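Here the structure is laid out as structure tokens; the discussion comes afterwards.
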Amino acid sequence: MDNVLFVVNMQEMYAGKSRNKDKYSYDAEALTDRINKRINEFQPEEVFYIKSIGRGLLKGGMPKPDTRDAEFPVGLKVKSKNIYEKNKPDCFSNDALADFMRARHVKSIEFVGIDTGTEVGMSALTATEDLDINVVYNENCLVMLSPDKASKYRDKLRKTRVTFKQDW
């Protein structure tokens, strides 16, 4: 498995019809359509879904486990069983995911979905620095909820093996 797709935070709370549209005011349906097109270009075993789940006393703004907010929104194509949960910004804080990437000798990860703060940036840094994996930021299929934080990570990532793509 050389190239994989990480679908990050595509959950009801952030992209569903019942989301707080004042807080999450982007066009979630158009984003879902663009992400589904990318999902269709990968084999099922190459698509990984990363869910944010609030655990412990300080759940932050993450969905609670086993709630509607934590589920995938209607319309998102889920074509694999590669579903990993995280409760910290870096998706590789889930050791099972990092171990799987190493075991399969993944060479490149394309990130799509919703970055609620620093998730994609932190995960991209871990992928490039710790796991020796190239990263593609598909900006056509990413929503950054905190543009200031995302910009700081972009500056750091431009010095690594991260490719920023806007048009496919």
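What the table shows:
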read-out: Rg and Dmax of segment 28-168, Cα atoms only, in Å; value: 14.5, 42
read-out: Added length on full extension, which subtracts the Cα-Cα distance from 0.36 nm per residue, LYS152 to GLU129; value: 6.6 nm
read-out: Low-density loop cleavage sites - GluC sites (Glu not before Pro) in segment 1-62, where at most 16 other Cβ are within 10 Å (DSSP); value: GLU41
read-out: Protection proxy ranking, peptides 33-39, 146-152, average beta carbon neighbours within 10 Å, highest first; value: 33-39, 146-152
read-out: Taking PHE164, PHE92 and counting other C-beta atoms within 10 Å, the order from fewest to most; value: PHE164, PHE92
read-out: Selection from VAL162, VAL135, SER18 lying farthest towards where the dipole of the chain points positive, charges on Cβ; value: SER18
read-out: The chain - mean residue ellipticity at 222 nm from DSSP helices (-39,500 (n - 2.57) per run, n ≥ 4, rounded to 500); value: -8500 deg cm²/dmol
read-out: Entries in LYS88/LYS159; LYS23/LYS165; LYS51/LYS88; LYS51/LYS79; LYS23/LYS81; LYS21/LYS79 that, when Cα-Cα distance is taken, lie over 18 Å; value: LYS88/LYS159; LYS23/LYS165; LYS23/LYS81; LYS21/LYS79
read-out: Loop-located trypsin sites (Lys or Arg not before Pro) in segment 87-129 whose Cβ has at most 14 other Cβ within 10 Å (DSSP); value: ARG104, LYS107
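Since every read-out is calculated from the coordinates, none of them should be taken as a lab result. In this text the structure is predicted, and so the values were computed from the model without any measurement. Don't worry about glycine lacking a Cβ; one is built from the backbone with ideal geometry, like all the others, and counts go over all protein chains shown.
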